[in-house]
Amino acid sequence: MSLSDSVMYLGGVGPKRAELLKKLDIHTVRDVLYHLPRSYIDLSAPVSISEAALGEQCTVRVRVVKKRPPALIRKNMRIYKVLCTDGESDMTVVIFNSVYLYNSLSEGEDYILYGRMSGNLTSREMSSPMILKYSSADKILPVYHLTEGISAQVMRSCVRSALKRQDLADCETLPGDILRECSLISCEDAIRQIHFPQNEGMIAPARRRLAFDELLTLRLAMLSMREKNRSLTAYAMGNKPISRYYSSLPFELTKAQKRAIEECLSDMRGNIPMNRLVLGDVGSGKTAVAAACCYFAFLNGCQSCLMAPTEILADQHYDTLVGFLAPLGVRVALLKGSMTAKEKAQIKRGLASGEYDVAVGTHALIGESTEFRNLSLVITDEQHRFGVKQRDSLAKKGENPHRLVMSATPIPRTLALMIYGELDISILDELPKGRKKIETYAVTGKLRERAYRFAAKQIDEGRQAYIVCPAIEDAEGGLDIKNVTERARALKEGVFKNCRIAILHGKMPAQTKESVMRGFKEGKIDLLVCTTVVEVGVDVPNAAVMVVEDADRFGLSQLHQLRGRVGRGEYQSYCILIAENPGEDSKKRLRALTASSDGFAISEADLKLRGPGDFFGQAQHGLPRLKIADLAADSDLVRLASDTADRLYGSGFLASKQGRALKNRVDALLGEGAKN
């Protein structure tokens, strides 16, 4: 049996169970082996019956003394009782309606029982416990994610069957010298020990090996994607000076901005298309870098385009680029879905004829009817908001154009190598001069009314404010918007009764959301009560107060992004984080935010304290979900896997006979990512 064979051929599975296993994304023998335990039940250290805590899950070793005859307590309900002892104390095992469990016990035999102990000091019993023969080698049992119709026992049986019938040596993808250098156990040992560890000490090395494999495969896939993007471009640019751009700006660019611009221009002068990420904190000036690249393309007689995830962001980028580039003779066009057919047709004619040098827009840019005369530079804002196919569709408008990606989510470089591994990275790690620091305070719910009064006072003085509420999932898994609507209603009846209040949440139609944000930006709304849908992008220079409710529900990087929605103008701005009854961990995280305004330092703290999931909320578009590796806890392993991947890729290992198994994994991962 091979790894790719259907799970239905495993002993005890068959077609019916195979259908149920599909709900767990288990289709093949390999999928069974890589359906990893989420936790373990340790049966290796049983306690005596008298020591077992009442009402708690516990493990005891007992000998079966007597099996009592079954009793019919009502129709179709039998109860079985088994008297057991540990030599000092006695207990009763109670089994409901399971003759199989009852028959698995034999008088005079020793067993390990795991379950909840009930009774009192003199009479103890355990109902329907997990039962293991004391002679069994497996004293640590895996606990898996399950689905209806697949019990824990069935899942363990599937895994055991896969471990017995499959030659696990076929799983090995790494040469022995790499295993020794990286202190890794074999893949076969890792898979056996992750499911049924001999002892607790074997779990960590098994997990480390499998996490390494996952990170290594991901990094190799990123390197492979980068290589595929290195076909020759039709737009190798001449060395045109952009000094006019620098001198025309009403402010001095930071050293980081100038460095990023030079890195981009150096790429654009080459025969290989630029494929670069500009990663910068909120307000670090990424658009000024993008504008410099557009100007450089213009000087070389080429067109550029910038795609934003929403119309209001597209409008904002359009206004900014017009301000930067129109004085230099660059003609900028705006193309978005809400335009009339006549307006869109006019803009599209201009792009096709070369009348416009730069196009700014939304998804309308990737429509089949949108054509460019010579599109040489494609810029995407907030890359994680677009799918792989959308970005590729835009790039196909030109002949291997240069690509620039902008993101305002500051993340540690190690993590960036995994998430944006196919891109070269430029980091904007300093803010423009003159920006006022946002004063940040973390308070408990006792000071909520005081925080509200402060926000109301700022509104009275002509400023605007945000109050952000967490989106809470209801029982069906949807987002509960009552948290926002009810909060807004209560605020309107209280301290903000004289304010113009609007709400904004993710369940609203896109056009409604844009309309609300536009109204807020134009000053028609004083207070915006919202979820984190407000997090990305829109500049409202008059907004000076950000209040975040239940701040301990958010990741630090997310809170930092929210804080960046204020402080965009000339006014002193404030961020107030309210946590009702924060625990010690929450207090530590919130203190990290009040102490620093450096997004990269905060992202490092977020990784250590909470993990990587909060950088993007949901799974990164195009990035496969990691099953075992933890980018936060495994930062050293991430570096080791990245360095090893670079070495293997550079040596041509994937093209060798020995590297075929690893290449197959990389190809499978790229095939999966392309579907996203």
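The values are calculated or read from the model by the stated rules, or taken from the named source; none is laboratory data. The model shown is predicted, which means the values in this text are computed figures rather than measured ones. For neighbour counting, all protein chains shown are included, and Cβ atoms are generated from backbone atoms with ideal geometry for every residue, glycine included. When the accessible area is computed, the model is the full protein with side chains, heavy atoms only, and any ligands, DNA or RNA have been set aside. Shrake-Rupley method; radii C 1.70, N 1.55, O 1.52, S 1.80 Å.
With label points built 7 Å along Cα→Cβ from the Cα atoms of D90 and D643, find their separation and express it in nm.
Distance between label points: 6.4 nm.
Roughly how many nanometres apart are two label points built 7 Å out from the Cα toward the Cβ at K492 and Y9?
The answer from the label model is 6.4 nm.
Any idea of the accessible area per residue across the chain, 1.4 Å probe, to the nearest Å²?
On the way: 31140 Å² over 676 residues.
For the chain, the solvent-accessible area averages 46 Å² per residue.
Check the straight Cα-Cα distances from K437 and name the aspartates and glutamates below 15 Å, setting aside those fewer than 8 residues away within the same chain.
Hits, sequence-local ones excluded: D281, E570, D598.
At a 10 angstrom cut-off on C-beta neighbours, averaged per residue, how do the peptides 457-466, 339-348 rank from highest to lowest?
On the way: 457-466: 17.8, 339-348: 13.9.
Answer by packing, highest mean first, reads 457-466, 339-348.
Rounded to the nearest 0.05, what FRET efficiency do K663 and K164 have when you use their Cβ-Cβ distance and R0 = 22 Å?
On the way: r = 28 Å, r/R0 = 1.28.
It comes out at approximately 0.20.
Taking Cα atoms, how many degrees apart are the long axis of helix 510-521 and the longest axis of the chain, rounded to 10 and kept between 0 and 90?
60 degrees
When every alpha-carbon pair in the chain is counted, what percent end up more than 33 Å apart?
Numbers: 136507 of 228150 pairs.
Cα-Cα pairs in the chain separated by more than 33 Å: 60 percent.
Roughly speaking, to the nearest percent, how much of the chain's 1.4 Å accessible area is carbon and sulfur? Provide the component values of the computation, followed by the final result.
On the way: 15150 of 31140 Å².
C and S fraction of accessible area: 49 percent.
May I ask you to derive the FRET efficiency for L83 and Y40 from their Cβ-Cβ distance with R0 = 30 Å, giving the value to the nearest 0.05?
Details: r = 30 Å, r/R0 = 0.99.
Taking R0 as 30 Å, the efficiency between L83 and Y40 is 0.50.
With Cβ to Cβ distances under 11 Å as the rule, what net charge do the other residues near A71 carry (K, R +1; D, E -1)?
Local net charge: +4.
Out of residues 5 or more away from V545 or on other chains, whose amide H comes under 5 Å of its own, with H placed 1.01 Å from N in the peptide plane?
Distant-sequence amide H within range of V545: Q464, Y466, Y574.
Order these peptides, 354-361, 660-667, by their mean beta-carbon neighbour count within 10 angstrom, highest first.
Working: 354-361: 23.2, 660-667: 16.6.
For the peptides 354-361, 660-667, the packing ranking is 354-361, 660-667.
Quickly rank 241-254, 83-96 as a protection proxy: mean count of other C-beta atoms within 10 Å, highest first. Walk me through the intermediate numbers first.
Working: 241-254: 12.9, 83-96: 17.1.
Top to bottom by mean Cβ count within 10 Å: 83-96, 241-254.
Per DSSP helix of 4 or more residues, -39500 (n - 2.57); summed, then divided by the residues of the chain. What does that give at 222 nm, rounded to the nearest 500? Write down the numbers at each step before the final one.
Working: 22 runs with 249 residues, N = 676.
Theoretical 222 nm ellipticity from helices: -11000 deg cm²/dmol.
Under a straight-distance cross-link criterion of Cα-Cα below 16 Å, which lysines are reachable from K588, leaving out those fewer than 8 residues away in the same chain?
The qualifying lysines are K608.
If you count the DSSP beta bridges with both ends in the chain, what percent of them are antiparallel, to the nearest 5?
On the way: 36 of 91 bridges.
In the chain, approximately 40 percent of DSSP beta bridges are antiparallel ones.
Give the lysines reachable from K133 as a straight Cα distance under 28 Å; neighbours fewer than 8 places away on the same chain don't count.
Cross-link targets: K66, K67, K81, K164.
Using heavy-atom solvent-accessible surface (probe 1.4 Å) with all chains present, what is the largest-first order of D598, D539?
Numbers: D598 75, D539 45 Å².
So the residues, ranked largest to smallest area, are D598, D539.
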